[in-house]
Amino acid sequence: MTNYIEQHESPRYPHQRLETERLMESVRNDATITDGVMRWHANDNVPPQEVVEFAKHIGLDVDVEKSAQVRTADFAKFAASYRKIKRTPEQESEAAFERRAAFGPGADVVDVISGRRYRT
């Protein structure tokens, strides 16, 4: 986890100051805060915890704890819908090819979101 606050404030990280300046601009221009919850315009997702904490640090009216709760709830909804997806035989074949290419033949692979187990 990146500590953007420390990188922004500490003279030990002068080369990373530019990154935090860009992030500062992004949270101010590319996100919306509604009822304390920050969401990116591009995908409506709640940013990672360290980004929300940085937004709070630079003075934006964001509720860090509420944003974390909403992020967790959003992920739970996503995971539930992901587990219900049924792939076509073509999609299964392509996924099997990719697993074999990534892990080699004979490997046991687990999709950590769905819990499905595969043998390559």
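Brief remarks follow.
- In the range 5-69, trypsin sites (Lys or Arg not before Pro) in a DSSP loop with at most 16 other beta-carbon atoms within 10 Å: R12
- Spatially, the range 1-45 and the range 59-97 are offset by 22 Å when compared through their Cα centroids.
- Other residues within the sphere of radius under 15 Å centred on the Cβ of F78, judged by their own Cβ, net out at +2 (K and R +1, D and E -1).
- Unit charges on C-beta of K, R, D, E only; dipole of the chain, Debye: 680
- Rounded to whole numbers, the Karplus 3J(HN,Hα) couplings from phi for the range 84-97 are 7, 5, 10, 8, 6, x, 5, 5, 4, 5, 5, 5, 5, 4 Hz, using 6.51 cos²θ - 1.76 cosθ + 1.60 with θ = phi - 60°, and x at Gly and Pro.
- Remark: spin-label model distance R116-E6 equals 4.0 nm, labels positioned 7 Å along the Cα→Cβ axis.
- Phi angles of the range 16-21 translate, via the Karplus equation with coefficients 6.51, -1.76, 1.60 and θ = phi - 60°, into HN-Hα couplings of 9, 4, 4, 4, 5, 5 Hz per residue; Gly and Pro are given as x.
- Full extension of the chain segment joining N29 with A79 gains 15.1 nm, where the gain is 0.36 nm per residue of separation less the Cα-Cα distance.
- Net charge, R117 excluded, C-beta distance under 9 Å - Lys, Arg +1, Asp, Glu -1: 0
- Entry note, the chain: the mean residue ellipticity at 222 nm calculated from DSSP H runs of n ≥ 4, each adding -39500 (n - 2.57), is -16500 deg cm²/dmol after division by the residues and rounding to the nearest 500.
- Here's how it looks for V37: its modeled amide H is under 5 Å from those of D63, which are all 5 or more places away or on a different chain.
- Applied to the range 43-56, the Karplus parametrisation 6.51 cos²θ - 1.76 cosθ + 1.60 on θ = phi - 60° returns per-residue 3J(HN,Hα) values of 9, 6, 8, 6, x, x, 3, 5, 6, 5, 4, 5, 4, 4 Hz, with x for Gly and Pro.
Bear in mind that the values in this text are calculations on the coordinates, not laboratory data. The shown structure was predicted, so the numbers you read here are calculated from the model rather than taken from an experiment. Positions of Cβ are backbone-derived with ideal geometry, glycine not excepted, and every protein chain shown enters the neighbour counts.
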